[in-house]
Amino acid sequence: MRPLHFLYAPFLLAALGLPLAAAAQSGPTAPPSEPMTFESAEHEERYQRLIRELRCTVCQNQNLIESNAPLANDLRRQIAVMVNDGSETNEIIDFMVARYGDFVLFRPPMKSTTYLLWFGPGAMLLIGLGVLGTILWRRRTQVGSTPLSGEEEERLRRILGEGGGDKA
Amino acid sequence: MKLRFLLPLLAFFALVGLLFVGLSLDPRALPSPLVGKEAPDFDLPELHNPEVRFARDDMLGKPALFNVWASWCVTCRHEHPMLAELRRAGVPVYGLNYKDTRSDALRFLARYGDPYSAIGFDESGMVGIDYGVYATPETFLIDRNGMIRFKHIGMITPEIIETRILPLYRQLEAET
């Protein structure tokens, strides 16, 4: 029997071609990314710290260094440019917050709208401890011993007396 | 005594209520810090003709809609007829073509129609960053003085036009 491998060739080509075509069609066209260069190690260190602290707004649970989104790429480039231009770290953070809001910060600032976020867990813990404390305190008074009344004392003696057995 | 047994039940319903509200919230919708601020300045080549410039100040003088879109954005395609609807209602619609290629964008407009008075061609996405764009389509309502008064992220629906955009637009029109 002759090998029929050549029959698979069109399928194989189609399979290879499909992802390529899809990649060519979808996705925004980011400018080709060139490697980022920094004037000094201090600049690079600042850049590296910033891209770990700022959140990617497209893929919300990643920071800028983890994200492959085109926007994250643009923002990394923007940060690199600003770092090289000598912008202070807080200037760059202000730049991002002015555009995307506090959401870009993985460590949200302390202000009236975030008090619940910052103090909520602690408040919940205190409430929980308070509830536990009151319950335990009440139970402590509940298990206190109360002496038997005269009638109960009499009954107890009778039961014990029967158990002792006169007829033994 | 009765309250003691009722309390866990009430707490349970309160929790269910909170979770139910939480389900209906969209975690991707972020409040924009730009609402109430001046629209960031830009000066871009126009999409149709690179010789012509389109700047932020070209939108001023009358309240206008500023729509961020791209040909690679599927939602923008669904949203497109809504923009034509708004234009018919008398709202000037301007566009920002975000991280696109000129030929793709022009093909998109040829195919689905062009409701825009002018379109800035933001190839690098830098103007998009200034406008805090993270998910196309995004739509801004800018008043006659260049103040951003409303922002919508995602597709504009007929409900949003009826309940948010048109009432606010009429109000801005009446402002002097």
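The values are calculated or read from the model by the stated rules, or taken from the named source; none is laboratory data. Owing to the predicted nature of the structure, the values given are computational and were not obtained by experimental measurement. Please note: Cβ atoms are built from the backbone with ideal geometry, for glycine as well, and neighbour counts cover all protein chains shown. The accessibility values were calculated without ligands, DNA or RNA, using every heavy atom of the protein model including side chains. Shrake-Rupley method; radii C 1.70, N 1.55, O 1.52, S 1.80 Å.
I'd like the full set of residues that are in contact with a strand residue (DSSP E or B) (Cβ under 7 Å, 6 or more places away or on another chain) and surrounded by fewer than 16 Cβ atoms within 10 Å (Cβ to Cβ), limited to the range B:69-92. Working first, answer last.
Restricting attention to the range B:69-92, the residues satisfying the condition of being in contact with a strand residue (DSSP E or B) (Cβ under 7 Å, 6 or more places away or on another chain) are B:69-70, B:76, B:83, B:86-87, B:91-92.
Selection gives nothing.
Answer yes or no: is there a residue in the range B:156-176 that is without any contact (Cβ under 8 Å) to a residue 60 or more places away in the chain, within 12 Å of another protein chain (Cβ to nearest Cβ) and open to solvent by 40 Å² or more (accessible area, probe 1.4 Å). No. Within the range B:153-160, is even one residue touching a Phe, Trp or Tyr at 6+ places or on another chain (Cβ under 6 Å), small (Gly, Ala, Ser) and within 26 Å of residue B:25 (Cα to Cα)? Within the range B:153-160, none of the residues are touching a Phe, Trp or Tyr at 6+ places or on another chain (Cβ under 6 Å), small (Gly, Ala, Ser) and within 26 Å of residue B:25 (Cα to Cα).
Only one of B:116, B:112 is surrounded by fewer than 18 Cβ atoms within 10 Å (Cβ to Cβ), over 25 Å from residue A:57 (Cβ atoms) and more than 8 Å from chain A (Cβ to nearest Cβ). Can you tell me which?
Details: B:116 fails: surrounded by fewer than 18 Cβ atoms within 10 Å (Cβ to Cβ).
Every option except B:112 fails the conditions.
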